[in-house]
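*Asks:* Quick one: the structure is below, questions incoming.
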Amino acid sequence: MAKKKRKSSAKKTGSKKGNKYIDSILRFSRVFIVDFIETAAVTLAIALVIYLFIASPHVVVGESMMPNFVNGEYLFTNKLALTYSNPKMGQVIVFQHTPQQEYIKRVIGTPGDTLELENGNVYINGKLLDESAYIPKGVKTYGFSYLANNVKITIPKGEYFVMGDNRENSSDSRFWGLVPRNEIRGIATFVFWPLNKFGFVPTITYTTKGNVIYSKSN
């Protein structure tokens with residue numbers, strides 16, 4: 001009888017160890033799941049804040065910004081910059097053209113500027129705009145329905161004149177007019193696809209010498 005009792009005791013001991021092992025697994029699983037959910041929630045919240053207020057991805061559709069941006073290219077736009085400053089001449093912006101469609105274009109005229117297209121050239125405030133930093137030499141810029149050739153316009157407060165770099169194949173402010181400030185979604189900052197173009201979007205600066213505004217890519 002004593003032997004049977006010892007066997008029974010041994011079985012109970014083994015059973016207790018097994019239960020403890022299962023309990024440990026369950027506790028670990030619960031901790032892992034809770035940690036995973038918390039981490040996922042924090043990551044999602046951070047991603048949402050970044051998307052809503054800091055930066056968001058966009059895809060280039062069409063050929064209006066060639067040769068600098070091509071169809072199917074992916075880039076990030078800087079939203080945060082718009083909270084403390086306005087778009088500047090030479091910057092590339094993404095804006096809401098229609099409720100269903102966003103456009104990507106380059107800012108050429110800012111509020112207060114007088115703009116004119118003459119003999120295929122762009123004049124800002126009466127000075128010839130050199131655009132050789134971002135469009136090929138010899139490309140001409142002609143007027144269309146909104147801004148005809150040899151007609152001056154002064155850009156009102158809160159609006160921007162934009163054009164595509166591919167001047168001969170771009171639907172832009174020359175056709176349909178100015179872009180309101182509140183429709184601008186971000187400033188093109190970083191290209192992440194394709195990999196051979198991975199990097200920051202060049203910054204364009206301007207220097208006025210005499211009657212010419214010279215552009216430079218940095």
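*Asks:* Ratio of Rg to Rh for segment 89-148, alpha carbon only, Kirkwood?
*Replies:* That ratio equals 0.99.
*Asks:* Quick one: how many lysine pairs in segment 60-217 have C-alpha atoms under 15 angstrom apart, if they're 8 or more apart or on different chains? Spell out each step's value before the answer.
*Replies:* On the way: K79/K88; K88/K105; K88/K157; K88/K216; K127/K152; K127/K209; K137/K216.
Step by step, the pairs that qualify in segment 60-217 add up to 7.
*Asks:* So what's segment 60-217 giving for Cα Rg divided by 2.2 N^0.38 Å, two decimals? Mind showing how you got there, number by number?
*Replies:* Details: Rg = 14.8 Å, N = 158, 2.2 N^0.38 = 15.1 Å.
Cα-based Rg divided by the globular estimate yields 0.98.
*Asks:* Quick one: grab the alpha carbon gyration tensor of segment 115-159, order the square roots of its eigenvalues as a ≥ b ≥ c, and give me rounded if a/c is under 1.5, else prolate or oblate depending on whether a/b is larger than b/c. The partial results should precede the final answer.
*Replies:* Working: a/c = 1.90, a/b = 1.44, b/c = 1.33.
Prolate is the answer for segment 115-159, as a/c is 1.5 or above and a/b outweighs b/c.
*Asks:* Check N121: other-chain or 5+ apart residues with amide H under 5 Å from its amide H, H built from backbone geometry?
*Replies:* Those qualifying (amide H under 5 Å, at least 5 residues apart or on another chain) are T141.
*Asks:* How many percent of DSSP beta bridges within segment 85-218 run antiparallel, rounded to 5? Write down the numbers at each step before the final one.
*Replies:* Numbers: 30 of 32 bridges.
Roughly 95 percent of the beta bridges in segment 85-218 run antiparallel, per DSSP.
Read-outs throughout are calculated quantities, based only on the coordinates presented, and are distinct from any laboratory measurement. Values in this document were obtained by computation on a predicted structure and should not be read as measured data.
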